Amino acid sequence: YFILCQSRLIYVCFYLFVYLFSVLGFVLCASGDLVKVYSTRTEEWLHSLQGHTNQVTGITLNPANHLQVYSCSVDGTVKLWDFIDGILIKTFVIGCPLFAIYVSEKHEGVLFLHVSMCFQLVSVHLPKSAEQEVEAKEMSAVSSHISKNPSCTAFGRGVRVHFFFFYFSLKATDKKGAKNAFTCIACHPTDDCIATGHEDGKIRLWRNFIHKKEYTYSTQHWHHNAVNTLCFTPEGTHLLSGGIESVLVQWQYGADNRKEFLPRLGGSILHISASSDGQLFCTSHSDNKITVIESSFKVCGVIQGLVKGDAVLTDLMIDPRSKALVLNGKPGHLQFYSLLRDKHLYNLDIVQQEYIYEAGLDQFEVVKAAFDIKGSWLATVEERGKKSSDLEFFLKLWAFDERTQSFVLNTTITAAHTDRIISMCFSSSEETTMLVTAAEDSQFKAWCQGADDQNFWSCDFVGSYHKLNPTNCSFSADSSLLAVSFQEVITIWSPDTWEMLTTLCQPPGVIRDLCFGRLSCSKYLLGTTTKNLLCCWNLLTCELEWSTSVDVSKLQPDPFSENVAAFSYQSKHTDLFVFKPSEPRPLFTNKNVCSEKVHRAVFVPREEPLNSCDESTQWLNRSQLYFLTQNMDLLTFSTATEEDRMLSSSKQLVIDDSVAVTPFYLLLGKHRQQQQKLNTQSHPVADKPQQPQGSVTIKELLHTPAHVLPAASVLCSMFVNSFLISNTGVQQDPLRYFVHINIFLFKVKTLVNFPKLMKYELLYL
Amino acid sequence: MASFKPTKVQFLPKLGEKVTEDTLYWKNYKSPVQIKEFGAVTKIDFSPLAPHNYAVTASTRIHVYGLHSQEPIRSFTRFRDTAYGGSFRGDGKLLVAGSEEGLIRLFDISGRVALRQFTGHSKAVHVTSFLSDGFRVVSGSDDLTFRVWDVPSAVELSSITEHTDYIRALAPSKLNPDLFVTGSYDHTVKVFDMRSGSSVMTMQHGHPVECVLLYPSEALLVSTGGRYVKIWDLLKGGQELVSLKNHHKTVTCACLSSVGNKLLTGSLDRHVKVYNSSYKVVHNFDCDASILSMAVAPDDEVVAVGMTNGVLSVRHRKHKKDKETLTSRRRRGPSYRVFVKGKNFVPRQDDFLVSKPVKQYLRKYDKQLKSFEVSKALDTALQTWTRTSKPEVTVAVIIELNRRGTLKNALAGRNEESLTKILNFLLKHIFDPRFSRPLLTVGDIVLDLYRQVLHQSPVVERQLQRLMEVLGREAELQQELLQVLGILDTLFASLTPRKEVLWEEHCPMSLNNHCVSVSSVSADVCRI
């Protein structure tokens, strides 16, 4: 096999690590090698700061300029960004992996970084160079052997200029077996008080360490598990704490017994941040979620990414109605995720029970799910009990409700089988919907909806074959045949009469995967065995058409073409083959797709089919292949043209050498750039009227929704400048009038959206 | 932020009964009023006129009752022997009745003495009726004849002997004054036309006919006899339409409801069955004794049933009005106005709206579960009322505690009294197939927890003794069932494989599992 095309992989999954929060209504969060910028008002993703080549580990505001942020990454660089426009200003190359970043208002031009070498905290003096990429060499170690966890370091913003380092010591475990290890720390903004969180859920407040060296501490205990994060409000009136229980606790500073709770926020709380004006808090959760909370302790917004659960137990599926990707989400839920818009749509509560976090507790999990072809029925299996003796499971059937546009529980079957359900599939015919479940009790059952007046589901047929355990089941494309594999034997049944038509067998090895060919290849049945065999049977002759020795971990047919994708795992890397059952030669092979085993894959139909003629990418024309590795990375194949389109949207600022980097500089710089552009353009086409260019800018400004516009102060100048006719042009009265109207309109718009900034803007005008 | 999800109580559907409009309609009757008569009630007939009084023939009397009276308005007592078959004329002014001695008497409804006496029958006359013109009376007798009498002149118009056994059923046509249907113990049903003077149609019922009935359209004929109810299509020349076998003793009477013409049949097996238009049983009235006669008032206001023990049981229809008066008397507390106060206020455009969060109401055990008070939640679920009338709630709480892994904590540290409660609950429900699985785990945990102290309390020890007995019996039963299953397996193994598959649909699925867990607990009990 040869690699036929250079398809690139895109990571769709992202994880939030740190984020930061600003007055202007933005939330920044580190997610993979990006820093994403969200609006707190609309919870929409605005843009992302692209540039790091490895995981971003920390973000912090530039204390000298609140419109800029520093970000540090494992790739060994610190980058300074204008986060409103999403422009990279400067890159400082440090040279070793960085794990956290801190700044202090009192130390201008100094960054404190957490570097990898024996977990040292170093201070770095930023050189004042005008170049875009600077190497920062001036490093001095501050402290060594600090915890790997970035929340275990905090900087006080106290009255003193100098730093004190205190070493509090508590034995990691005392006599009573309490786990005293520190997990996080926070400094009070004005008082000399430090709060520390501990592994056993205690919070200790340390006082009196500045004046005398004899500190005192008080202990608070509410959390029953490790405290993940602590945060003081900017005024220092409250302390916020969060842990695995996903309850945000607000402690009143000074009166420690008075506390407020905000329970059931989602996954465990990883980080809490408060805005500098104290109006909003937000928490980041382990399930890829940011919650925005008002100061009155009410949730006012949720930013949700692809929910990252502990494991994806269900197959990857596509909801036929919304074309959303469906997989396990929150515990006991199925999540619907729109891949086209890269947006979480909703969670469907399958288990409908209160989720209780406790280590080692056996929870109900959704282990199987299937949609029927029209998307009007959803079947789910939830299971609890690792050992088979106390196994509990329910088979649930959900009907799509047109009115509420979501799935409503129709039937719960408590004892569908006597043992674990292994495989489940819906018949694919349009007229009758039928569900087949195969379980370890060596039976398979067909379920269908009862006659006319009963709209619930009941058992229609029970089948078995020599008391063998079934391993898989599958319906043919037209639902006229049902294939159920019993260990090494595949049995073919007719769903109309429930007669067993034939058996197919190709030893050795238990059948692992089973699928029918589609469209013109519907006469073929494909099966993979545990003994590294991929077999293809012709159902017309009931004979083996071909077989090959490949260790296939996942066989996935494309519902919109004849293609079948097979992932094979050999010697620590996964290969992908795409083939048609009727042809002996694969259409596409890609060796070493990833280093982990692939167990879940799905073909997602495209909204508009591509018309690529390249032989190697033709199989991606109608649908796109997504697959999930064992490390829970969701990967996909994309063609080169798509990739180009995505890259063209990123931008970078070229900075003039002579001027210092200030916001004003940025504005002026842009202005200058534009002027330069105008100058260069106007020479060859001097007599061309300027109107079209101006109107495009207006259009762009007025047609963009107000909430996604950058800050008014930035925009305003650009906007006005674009209309100021350069001295080379000829003045035109109608255009000027138009400019006036638009400036007025813009003022009104900004007044509505950014009342605080009005002052600056007017000054500038 | 999601709200607390309350404990889910599983309601398993009851098998068999389906609630339809018919069942609701027929359930809507009050509990029966019992009126004691002097002997077996053989005939009930409603007057077709407005107050719809009804004549009840029992022993040597005929009583006329008003629709709501429990005392007879009028009684005709001038019978020397048992009276039979008192029935009204179409205008409700005259009443005719036969008797054991063979005399037929005609009464004015307002009078007391018989207006006419028709003599001629040599044996008892069980059935009498007016023909629809109102001037002739037809009667069937045990002397195998039936005779037609002229009312004004009191003479016999004709006498026909076609049946070969006692005549016990008669139904005159309401559309044609010359037609009537008779049924006899010779297993036949005959349709007679007075114009021809002989039978025009004969149908074989197959059993002694107790009752015949014509549908208002007179296209369908119902005959009852033996355990069978048969429907005949007269327009197709007496073809049998349906044969119903829903009673397990002789069906003695049948009548039609006036709303929707539903068929009702009463039998010696003490049941009244109501059929829908496709002749499926939709409702069942139970009575104390064998039923001999039955009638339904116009508009289905009253269902009157006469029984062999001489009790007339009268069911009245429930009305909404009755309910309203009952509830209005019971109503307490503030009026409706208090609750809607301000609810329909429409805010003006520039008003600032502050929405009040909807309060989530939780059950007491849910509140306790929410605050992780597991022992208290179990106590709440084990309260007497919940335990006895809603065991599924108790079991749901137990399942929830088990899911949270705190069932052991909730069961621990109990005194004798609360432990007895739990053991009582186990004794009652441990073999309910709905609950057995969680309750067996409860039993296991209780034994593990209290193994050391169980012997200190005689009460608890006695209960354990009982539990052991019950478990032993259940285990025996399961063993027997498994044996039967084995026998059946061998039987079905000899059949075709396809049949075997079909049979497995109906076999109890959790039998094996259940048995194993039962035996494990019983082993535990024995150990103690």
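The values are calculated or read from the model by the stated rules, or taken from the named source; none is laboratory data. The shown structure was predicted, so the numbers you read here are calculated from the model rather than taken from an experiment. Counting neighbours? That spans all protein chains shown, and the Cβs are built from the backbone with ideal geometry, glycine included. Each accessible area value is taken on the protein alone, full model and side chains, heavy atoms only, with ligands, DNA and RNA left out. Shrake-Rupley method; radii C 1.70, N 1.55, O 1.52, S 1.80 Å.
Working only within the stretch B:47-61, note down all residues that are in a strand (DSSP E or B) and either farther than 15 Å from B:Val302 by Cβ or more than 27 Å from the chain's Cα centre (by Cα) (or both).
Within the stretch B:47-61, B:Thr57, B:Ala58, B:Arg61 meet the criteria.
If I filter the stretch A:54-74 for residues that are among the aromatic types (Phe, Trp, Tyr) and modelled with pLDDT under 80, do I get at least one hit?
no
Is it true that some residue in the stretch B:423-432 is touching a Gly at 6+ places or on another chain (Cβ under 6 Å) and either buried (at least 20 other Cβ atoms within 10 Å of the Cβ) or at pLDDT 90 or above (or both)?
yes
One residue is enough: does the stretch A:200-210 have a residue meeting the conditions modelled with pLDDT of 85 or more and closer than 25 Å to B:Ser3 by Cα?
yes
Taking the criterion of being more than 14 Å from chain A (Cβ to nearest Cβ), touching a Leu at 6+ places or on another chain (Cβ under 9 Å), surrounded by fewer than 16 Cβ atoms within 10 Å (Cβ to Cβ) and among the hydrophobic types (A, V, I, L, M, F, W, C), would at least one residue in the stretch B:409-419 satisfy it?
yes
Output the residue which, of all residues in the stretch A:424-473 that are acidic (Asp, Glu) and farther than 21 Å from A:Met500 by Cβ, is farthest from the other protein chains (Cβ to nearest Cβ).
Taking the candidates together, the pick is A:Glu430.
Would you mind telling me which numbered condition in (1) away from chain B (no Cβ under 14 Å); (2) not in a strand (DSSP E or B) A:Thr497 fails?
It fails just one condition, (1).
Looking at B:Leu407, B:Leu382, B:Leu477, can you tell me which residue is farther than 15 Å from B:Thr7 by Cβ and among the hydrophobic types (A, V, I, L, M, F, W, C)?
B:Leu477
On the given criteria, is A:Gly332 out of contact with any strand residue (DSSP E or B) (no Cβ under 6 Å at 6 or more places or on another chain), more than 27 Å from A:Glu245 (Cα to Cα) and open to solvent by less than 10 Å² (accessible area, probe 1.4 Å)?
Judged against the criteria, A:Gly332 is not a match.
Just give me the residues in the stretch A:263-283 being open to solvent by less than 10 Å² (accessible area, probe 1.4 Å) and within 14 Å of chain B (Cβ to nearest Cβ), in sequence order.
A:Leu265, A:Ile269, A:Phe281, A:Cys282, A:Thr283
So, restricting to strands (runs of 3 or more DSSP E) that lie completely within the stretch A:504-590, which ones have at least 2 residues that are open to solvent by 20 Å² or more (accessible area, probe 1.4 Å)?
It comes to A:511-516, A:543-548, A:552-557, A:564-570, A:573-579.
Within the stretch B:212-294, considering only strands (runs of 3 or more DSSP E) that don't extend past its boundaries, which have at least 1 residues that are open to solvent by 10 Å² or more (accessible area, probe 1.4 Å) and among the β-branched types (Val, Ile, Thr)?
Result: B:239-244, B:251-256, B:281-286.
From A:Val302, A:Val247, A:Val292, grab the single residue that is open to solvent by 40 Å² or more (accessible area, probe 1.4 Å), within 13 Å of chain B (Cβ to nearest Cβ) and modelled with pLDDT of 80 or more.
Result of the check over A:Val302, A:Val247, A:Val292: A:Val302.
Just to verify a result, which residue in the stretch A:218-229, among those that are in contact (Cβ under 8 Å) with a residue 60 or more places away in the chain and assigned to a strand (DSSP E or B), is most open to solvent (accessible area, probe 1.4 Å)?
A:Asn228
Just one of B:Lys367, B:Lys390, B:Lys376 is under 30 Å from B:Val446 (Cβ atoms), within 14 Å of chain A (Cβ to nearest Cβ) and open to solvent by 80 Å² or more (accessible area, probe 1.4 Å); which is it?
B:Lys367 is the lone residue from the list that is under 30 Å from B:Val446 (Cβ atoms), within 14 Å of chain A (Cβ to nearest Cβ) and open to solvent by 80 Å² or more (accessible area, probe 1.4 Å).
Considering (1) touching a residue at least 24 places away in the same chain (Cβ under 8 Å); (2) part of a loop (DSSP other than H, G, I, E, B); (3) among the charged types (D, E, K, R); (4) within 14 Å of chain B (Cβ to nearest Cβ), say which one A:Glu358 fails and leave the rest.
(1)
Any residue at all in the stretch B:105-128 that is closer than 19 Å to B:Val200 by Cα, in contact with a Ser or Thr (Cβ under 7 Å, 6 or more places away or on another chain) and open to solvent by 50 Å² or more (accessible area, probe 1.4 Å)?
No.
Just to be sure before I move on: is B:Gly86 in contact with a Leu (Cβ under 8 Å, 6 or more places away or on another chain), open to solvent by less than 50 Å² (accessible area, probe 1.4 Å) and either away from chain A (no Cβ under 14 Å) or within 30 Å of B:Glu400 (Cβ to Cβ) (or both) in the structure I sent?
Taking the combined requirement at face value, the residue satisfies it.
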